[in-house]
Amino acid sequence: MVDAPSAQPKPGLFRTPGAAVARHPGVMLAPRALRQWIDALPLGNPPRAAQMLLQQLRLLVRDPQPGARLGALLDLYDVPGGQLLEIVNERLQTNQEGAVPLDQLEHSMLELLTELAYGRLRQANEALAGGKSPATATLYQAMRLLDGVQNIERLHYYTLDPGNWQLLLGIYLHAAAQDVADQPVDRALLRSGDEPDTVQGLFFRALVLQLCDPHQHRPEQMLSWHHWAGEHANLLELTILPQGPFAIPLDISGQLPPLAAARRGKPGPDMRYLAAERFLQQLQDDPTAPQDLQRTLHELIKGRKASEQRQGPRQPRNHRYGLMNGLRNIHARLESLIQGAEQHDQDLAQVPCLLVNQSRSGAALQVQGPLSPPLTVGEVLLIEAQTPAPGGAAVGFAACIRRLVNGADHQIEIGVEKLAGRVIPVEITGSAAQRGRGETRALLQQDVEAGRHTLFAPRSFYREGDSLVAESAHARHGLRMQELLEVVQHTAIIAVEPEDA
């Protein structure tokens, strides 16, 4: 099998911010003075410490002539930067469901990690300008820093910076051209035992997660995929020609993001192929592997997510709507509509949103955040037009969030899939109601055309194969629980079948 980058021209310099015209009087270029300053940082106030580090680091990275001390000075920033990153990572472990906005520390860390990466890439550029190859450790450190930026963005549904991906790709191509992409680095550089110890390992892990579109999956899924893909990145390989049925196109020019290249990339001098057969086989064989990762990659390879294959064309819209989330709120609103309520209950506040396009099976909306509680992929929404005429009939639909993007200024973009058929509010009664501990409200989706029934209920109700009774305003439904499809913010989505009376 031929390694792809070997056929490429020698990569050029990395794109980094230009140096300042003159040295800033406040920059610290003496290692001893910088060490003393870092030791006095207020790490008990992480956002303040991160801002102070960032300001001083930016002066160093943009200094016109930092000289041979640059690497040693950057090493001093690695220690407090790593401590602050540990604080951020601990928070990310506890916020695994919703689109929580970036806080002050996380905003600062995105800039701090990026600036540190620029510093390492400036080291690499200086080596290249002198006719030397950048040190493997320097390339590895830059890639790990940029990967840390992407990890924070992914876990907040934040818009991924395309320039970040181009730098990651460039680092990999440089390492491959030097034939050091698979060369392990000193273990002292690793932050954890399961972190890939090669430039190639870091690159393939980042590539897999970009191919899976982080905006379509919940943070806890991305965390488990990040861990597993890092441990098995050695099973992936980049080739010039597609090898087998599981080859995924990748544009090494950086013009197409990984997901766009995988969906619509065409053969050409800048197209390479990720050989994923061994990786997918391990996903299938490993009982501890995240099966949703395997399913996502298979769907990508089969082209099921290509925009050209939508069930129905999207029609542009510019209509004001309101959305409501939370099982309890949606249940109450649907009940009030069934009872013929003319006005919206003020206790069930809607979140204003803008419907920007719509199709028979889906829609896209824009919402101004931040929201409390935050939204998350897989969550059920009730989306209702804001009818200006008093007494007008309610117009809207129930849907599940399938894609979520947090943008600048707390702007949130949501892609939803409409729930087919009827969605009716029900109450769980009988012996099963005791499992709800006082919360018996649920939603029953009846998709008669597809012959499918789905129950949205508190997680405590699910018992595979058990029966329960759900009563609506006009009927009594006997249901047998077949399969737990998903759990989203303590709400279980359960495949059920009606039982004969």
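The values are calculated or read from the model by the stated rules, or taken from the named source; none is laboratory data. Because the structure is a prediction, the values reported are computed rather than measured. With ideal geometry, Cβ positions are generated from the backbone for all residues, glycine too; neighbour counts draw on all protein chains shown. Only protein heavy atoms, including side chains, enter the accessible area calculation; ligands, DNA and RNA are left aside. Shrake-Rupley method; radii C 1.70, N 1.55, O 1.52, S 1.80 Å.
Would you call residue 46 closer than 27 Å to residue 202 by Cβ and either modelled with pLDDT of 90 or more or crowded, with 21+ Cβ neighbours inside 10 Å (or both)?
Yes, satisfied.
Taking interchain pairs and intrachain pairs at least six residues apart, which have beta carbon atoms under 6 angstrom, with the first residue in the range 312-336 and open to solvent by less than 30 Å² (accessible area, probe 1.4 Å) and the second of a type in the set (Asp, Glu) and modelled with pLDDT under 90?
Sorted first by the residue in the range 312-336, then by its partner, the pairs are 336/345.
For the range 251-292, how many residues meet the condition of being open to solvent by 60 Å² or more (accessible area, probe 1.4 Å) and of a type in the set (Asp, Glu)?
The qualifying residues number 3.
Looking at the range 148-167, is at least one residue more than 16 Å from the chain's Cα centre (by Cα) and surrounded by 23 or more Cβ atoms within 10 Å (Cβ to Cβ)?
Yes: the range 148-167 contains one or more residues that are more than 16 Å from the chain's Cα centre (by Cα) and surrounded by 23 or more Cβ atoms within 10 Å (Cβ to Cβ).
So which of 227, 215, 174 ends up being at pLDDT 90 or above, of a type outside the set (Phe, Trp, Tyr), more than 19 Å from the chain's Cα centre (by Cα) and in a helix (DSSP H, G or I)?
The conditions single out 174.
Tell me whether the range 464-475 contains one or more residues that are outside any strand (DSSP E or B), open to solvent by less than 40 Å² (accessible area, probe 1.4 Å), touching a residue at least 12 places away in the same chain (Cβ under 8 Å) and not β-branched (Val, Ile, Thr).
Within the range 464-475, one or more residues are outside any strand (DSSP E or B), open to solvent by less than 40 Å² (accessible area, probe 1.4 Å), touching a residue at least 12 places away in the same chain (Cβ under 8 Å) and not β-branched (Val, Ile, Thr).
How about the range 131-147: which of its residues are closer than 17 Å to residue 179 by Cβ and open to solvent by less than 10 Å² (accessible area, probe 1.4 Å)?
Of everything in the range 131-147, those that are closer than 17 Å to residue 179 by Cβ and open to solvent by less than 10 Å² (accessible area, probe 1.4 Å) turn out to be 134, 139, 140, 143.
If only one of 371, 382 is among the hydrophobic types (A, V, I, L, M, F, W, C), surrounded by 15 or more Cβ atoms within 10 Å (Cβ to Cβ) and in a strand (DSSP E or B), which one is it?
Every option except 382 fails the conditions.
Report whether or not residue 111 is in contact (Cβ under 8 Å) with a residue 24 or more places away in the chain, charged (D, E, K, R) and either within 30 Å of residue 488 (Cα to Cα) or part of a helix (DSSP H, G or I) (or both).
yes
Please work out if residue 436 is open to solvent by 40 Å² or more (accessible area, probe 1.4 Å) and not β-branched (Val, Ile, Thr).
When the stated conditions are applied, residue 436 does not pass them.
Among the residues of the range 476-501, write down those that are closer than 20 Å to residue 218 by Cβ and free of Cβ contacts under 8 Å to residues at least 60 places away in the same chain.
Scanning the range 476-501 gives 483, 484, 485, 487, 490, 492, 494, 495.
Name the pairs whose Cβ atoms lie under 6 Å apart, with the first residue in the range 293-309 and open to solvent by 60 Å² or more (accessible area, probe 1.4 Å), the second at pLDDT 50 or above and not in a helix (DSSP H, G or I), and 6 or more positions between them or separate chains?
Going by the 6 Å Cβ cut-off, there are no qualifying pairs.
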